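Q: Dropping a structure here in structure tokens format, bear with me for questions.
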Amino acid sequence: MRRFAWLLPLFALASPVPAVDLIEVYRQAQAYDAAFATARANLDAGRERGPQGRAGLLPSLSLAGNTVWNDQRIESGGVRTDRRYNSHGYALTLTQPVFRWQNWVAHEQGQLAVALAEAQFVQARQDLILRVAQAYFDVLNAEVNLQAARAQKTAIAQQLEQAKKNFEVGTATIVDTYEAQSRYDLAAAQEIASENELEVRREALRAIIGEVPARLAKLDVKKPILPPQPAQMEAWVEAAQRDNTTVQIQAKQVEIAAREVARLRAGHYPTLDVVANYGRNSNVQGGAGMVDSDNRNIGLQLTVPLYQGGTVSSRVREAAALHVAAQSSLEGSRRQAALNARQSYLGVVNGLAQIKALEAALASSVASLESNKLGYEVGVRINIDVLNAEQQLFQTRRDLARAYHDTLLARLRLKAAVGSLDEADLQEINALLKEGDV
């Protein structure tokens, strides 16, 4: 068996590298993307706002201790007495709020802050899905552009060679050669630009997932892209105004701002606490030496704020203005969500129509190229006609691939506009991919 061990690397090189699909790229992005890692940490931090808000309703317990070195001199009737001793003690204090309205409001704010952090994480996850899909299809578009540029260059090279031969035998003028050479040089420049664009797009994908896959699964054009359901744009708009993640975030910020007004206004209200103390002190009393004493008490403590220089009233007015600002931001988010829903819905619907039109145009471009080639051979078409037909064919193929990708991205953006974009939607897109080319 060892005699054939050296053949294993050759088999490994000969086996095709499996293509990485959209879900695999998304999985890598979840583990690598810095923005998503930040969102995950922010979610963990935001969830701690709940216990912090609840803490104001729970009892607090504190322990204080002291030790004092005493140097005492007493003079009485001409007699001086010096004492040097150590006294010490400790006190344990328990405080249970009974009525602190600001603490109740802070507890509600804490619960809202947890919900806000979770909504922000949902938004970050949707943003990651869109960024991954955008980067993925940008690479596919760049690959299609490069393939089209290379194919066009090859086709023009063949046409250039034929023009040179026809000129040599006298069946064509030098003009055909010049035209073909000009198109060939332009195709070479476009190939270089396409190679650079592909490298840029691949690096953009690397920034999200940490590596550049050797091959990406491409779209299977035989599988249909379904139109949006429901088929009424206004239904999507209404859902976006209600369920869009940015709208949800802004709505929670409005609630938090409203409770902040109530919390600060509670600075005018009295507070009532149950306070319990236990203390022990050791001290010197006369000639009795060190004496220990215990102290226990429990009672109600009422505090009535009277005047704090106008600070509370000023902060209430400030919070009220911020509440109005949050309400305005909420309305702006609803309008933007409605606009995004309309744009994405039209992007899907018009994208499907554009795909259908470009598929027909592609068939016509193929037929046009074949007829122009035949016409050039029999002398009823000139070389420039063939070159134009070839350029039209490759441009149509490129536009068709981009239309497919843009339509799928619009479908994801439409789901994001209504706040329902999740991994299942990415799975649906991933089911349309295959190993082969577009």
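The values are calculated or read from the model by the stated rules, or taken from the named source; none is laboratory data. Since we're looking at a predicted model, the values are computed, not measured. In this analysis, Cβ positions are derived from the backbone assuming ideal geometry, glycine residues included, and neighbour counts consider all displayed protein chains.
Q: Does residue 271 satisfy being under 26 Å from residue 63 (Cα atoms), of a type in the set (Ser, Thr, Tyr) and surrounded by 13 or more Cβ atoms within 10 Å (Cβ to Cβ)? Lay out the reasoning, then the answer.
A: On the way: under 26 Å from residue 63 (Cα atoms): yes; of a type in the set (Ser, Thr, Tyr): yes; surrounded by 13 or more Cβ atoms within 10 Å (Cβ to Cβ): yes.
For residue 271, the condition - under 26 Å from residue 63 (Cα atoms), of a type in the set (Ser, Thr, Tyr) and surrounded by 13 or more Cβ atoms within 10 Å (Cβ to Cβ) - is met.
Q: Quick one: would you say residue 193 is within 21 Å of residue 133 (Cβ to Cβ), assigned to a helix (DSSP H, G or I) and of a type in the set (Gly, Ala, Ser)?
A: So residue 193 does not fit the description; no.
Q: Here's a follow-up. Scan the stretch 422-434 and give yes if some residue there is surrounded by fewer than 20 Cβ atoms within 10 Å (Cβ to Cβ) and modelled with pLDDT under 85, otherwise no.
A: Yes, the stretch 422-434 contains a residue that is surrounded by fewer than 20 Cβ atoms within 10 Å (Cβ to Cβ) and modelled with pLDDT under 85.
Q: Further question: In this structure, is residue 321 under 21 Å from the mean Cα position of the chain (by Cα), of a type in the set (A, V, I, L, M, F, W, C) and in the same structural domain as residue 409 (by TED's automatic domain parsing)?
A: It is false that residue 321 is under 21 Å from the mean Cα position of the chain (by Cα), of a type in the set (A, V, I, L, M, F, W, C) and in the same structural domain as residue 409 (by TED's automatic domain parsing).
Q: Something else about it: Restricting the stretch 118-171 to residues that are touching a helix residue (DSSP H, G or I) at 6+ places or on another chain (Cβ under 7 Å), modelled with pLDDT under 80 and small (Gly, Ala, Ser), which is surrounded by the most Cβ atoms within 10 Å (Cβ to Cβ)?
A: 163
Q: Moving on to the next point. Pick from the stretch 56-97 the residues that are within 60 Å of the chain's Cα centre (by Cα) and not in a strand (DSSP E or B): which of them is surrounded by the most Cβ atoms within 10 Å (Cβ to Cβ)?
A: Of the stretch 56-97, the ones within 60 Å of the chain's Cα centre (by Cα) are 56-68, 88-97.
Cutting the leftovers down to not in a strand (DSSP E or B) gives us 56-59.
Details: 56: 16, 57: 13, 58: 12, 59: 11.
Per the stated criteria, the residue is 56.
Q: Looking only at the stretch 324-348, count every residue that is farther than 26 Å from residue 252 by Cβ and either among the small types (Gly, Ala, Ser) or out of contact with any helix residue (DSSP H, G or I) (no Cβ under 8 Å at 6 or more places or on another chain) (or both) and tell me the total.
A: Adding up the residues that qualify gives 1.
Q: For the stretch 389-438, give me the residue count where each residue is in a loop (DSSP other than H, G, I, E, B) and either over 18 Å from residue 139 (Cβ atoms) or touching a His at 6+ places or on another chain (Cβ under 6 Å) (or both).
A: Residues meeting the conditions: 6.
Q: Only one residue in 402, 411 is touching a helix residue (DSSP H, G or I) at 6+ places or on another chain (Cβ under 7 Å), buried (at least 20 other Cβ atoms within 10 Å of the Cβ) and in contact (Cβ under 8 Å) with a residue 24 or more places away in the chain, so which one is that?
A: 411
Q: If a residue must be farther than 13 Å from residue 386 by Cα and in a helix (DSSP H, G or I), how many such residues does the stretch 154-183 contain?
A: Here the count works out to 13.
Q: Being in a helix (DSSP H, G or I) and crowded, with 18+ Cβ neighbours inside 10 Å is the filter here; which residues of the stretch 203-238 pass it?
A: The answer is 205, 208, 209, 236, 237.
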